Amino acid sequence: MTQAKFKTKILLKDSLREMPIGSKLKIKNRQFKASVVRTTTTDLKSKEGYLFDVSDRGMIDEVVVTRLR
């Protein structure tokens, strides 16, 4: 009998919602691509009123998300 391999699913929207205001979160490209992070933050802004700053300046394989509101 072989062991089952379980994967934990990371939900980007839930992670962004739980961020306290003013905090920063680094997201690696292997977890979520920058375009997916930008689309998700825009979706949260338009539907729920959250405001984020997404930056990949000076980063090679990660994105920094800052919650503003």
Practice item. Give me the net charge of Phe52's neighbourhood, meaning all other residues with Cβ under 12 Å from the Cβ of Phe52; Lys, Arg count +1, Asp, Glu -1. Key: +4
Check your understanding: Any idea what the relative contact order of the chain is, in percent, if you count C-alpha pairs under 8 Å spaced at least 6 apart?
Key -> 38 percent
Revision key, fill the gap. Among Leu12, Ser23, Val63, the residue whose Cα sits farthest towards the positive end of the charge dipole of the chain (+1 at Cβ of Lys and Arg, -1 at Cβ of Asp and Glu, taken about the Cα centre) is Leu12
Check your understanding: Taking the Cβ of Val65 as the center, what net charge do the other residues with Cβ under 9 Å away carry, scoring Lys and Arg +1 and Asp and Glu -1?
Key -> +2
Check your understanding: Given (i) 1.20; (ii) 1.28; (iii) 1.75 as candidate values of Cα Rg over 2.2 N^0.38 Å, which corresponds to the one derived from the coordinates?
Key -> (ii)
Practice item. Determine the calculated [θ] at 222 nm for the chain from helices alone, applying -39500 (n - 2.57) to every DSSP H run no shorter than 4 residues and normalising by the residue count; nearest 500 deg cm²/dmol. Key: -9000 deg cm²/dmol
Exercise for review: Skip the ligands, DNA and RNA, and give the accessible area per residue of the range 7-62 with a 1.4 Å probe, whole Å².
Suggested key: 76 Å²
Revision key, fill the gap. Neighbours of Asn29 by Cβ distance under 14 Å: Lys/Arg at +1, Asp/Glu at -1, summed charge +2
Review point. Does anyone have the angle between helix 34-48 and the longest principal axis of the chain? Alpha-carbon axes, 0 to 90°, nearest 10?
Key: 60 degrees
Revision key, fill the gap. Length gained if Phe32 through Asp61 is fully extended, taking 0.36 nm per residue and subtracting the Cα-Cα distance, is 9.4 nm
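The values are calculated or read from the model by the stated rules, or taken from the named source; none is laboratory data. Please read all numbers here as calculations on a predicted model, not as lab measurements. Neighbour counts are summed over all protein chains in view; Cβ atoms, including those assigned to glycine, are modelled from backbone coordinates with ideal geometry. Keep in mind that these areas ignore ligands, DNA and RNA; they rest on the heavy atoms of the full protein, side chains included. Shrake-Rupley method; radii C 1.70, N 1.55, O 1.52, S 1.80 Å.
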